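I have placed the structure first, in the form of structure tokens, so that the comments after it can refer back to it.
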Amino acid sequence: MEKSFEEFDFQKGEILLFDKELDWTSFDLVRKLRNFLCRATGVKKLKVGHAGTLDPKATGLMIVCTGKETKNIDLIQAKEKEYVATIKLGATTPSFDLETAEDATFPTDHLTLEFIESTLKNFKGEIDQVPPIFSAVKIEGKRAYEHARKGNDIVLQPKKITISELEVLNFSNDQIVLRIVCSKGTYIRSLARDLGIALNSGAYLVGLCRTRIGDLKLEDAWDLKKFLEKLTPNETN
């Protein structure tokens, strides 16, 4: 980053790339940045928003817009996204990831790389996908995860998504690593669940990193703490 703090105009608008930490919510990152910028600039209210939510158990690229650039959030988050996903085979969880404990186990002896690659072809292109019940989808005015945590029975409707690329990066008898290029609205947790079903075995997401949104890449992103230290070292020590 070549800019000094004085060269940023957070009210006029900046588009900032960050690498979200594990177990942070997307709002955690936005809140920390907003609070710092308000103190540092003396502005009581500053628009700060993110383009594309990441689950707490996911890491990787988060795009944060400030000031007048927040009007571009919808345009940014509508762009194609790329992820690297680590999926455990042979088990399931209610949340389709590590947020809940395993509730069932299944055999994996029949799984081969050839079988997995053949099965993955069925997930490419435009498909219907049902969001996880542990998600922010609204049902009767409440988030789906609120119903799920209370044990309420809910039915989520499938949505059209597009998966343009699915590549196996690594495979063992109980784990697979995939590179996924997909449209807005794709739940990688749901992809893991559906893949497990298609493989006649369970599966759930154990690691997820977003590596790209449109032309914006994780390799160009900042760690939030280092970014704030770069801006005003004396205030963040």
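When the criteria are applied in full, LYS71 meets the requirement of being more than 12 Å from the chain's Cα centre (by Cα) and charged (D, E, K, R). The set of residues in segment 88-120 being more than 18 Å from LEU208 (Cα to Cα) and out of contact with any strand residue (DSSP E or B) (no Cβ under 8 Å at 6 or more places or on another chain) consists of PRO107, ASP109, HIS110, THR112, GLU114, PHE115, SER118, THR119.
Please note which helices (runs of 4 or more DSSP H) are completely contained in segment 169-236 and include at least 1 residues that are hydrophobic (A, V, I, L, M, F, W, C) and either in contact with a strand residue (DSSP E or B) (Cβ under 7 Å, 6 or more places away or on another chain) or surrounded by 15 or more Cβ atoms within 10 Å (Cβ to Cβ) (or both).
Working: elements: 188-198, 224-231, 233-236.
Answer list for segment 169-236: 188-198, 224-231.
All of GLY60, GLY42, GLY67 fail the test of being in the same structural domain as LEU224 (by TED's automatic domain parsing), touching a strand residue (DSSP E or B) at 6+ places or on another chain (Cβ under 8 Å) and not aliphatic (A, V, I, L, M), apart from GLY60. Looking across segment 13-26, the residues that are modelled with pLDDT of 90 or more and either among the charged types (D, E, K, R) or closer than 24 Å to GLU99 by Cβ (or both) come down to GLU14, PHE18, ASP19, LYS20, GLU21, LEU22, ASP23, TRP24, SER26. On inspection, ARG179 does not qualify as of a type outside the set (Gly, Ala, Ser) and at pLDDT below 90. Applying the criterion of at least 3 residues that are surrounded by fewer than 20 Cβ atoms within 10 Å (Cβ to Cβ) to the strands (runs of 3 or more DSSP E) found wholly in segment 21-97 leaves an empty list.
The values are calculated or read from the model by the stated rules, or taken from the named source; none is laboratory data. In this text the structure is predicted, and so the values were computed from the model without any measurement. A quick note on method: Cβ atoms are made from the backbone with ideal geometry, for glycine too, and the neighbour counts reach across all protein chains shown.
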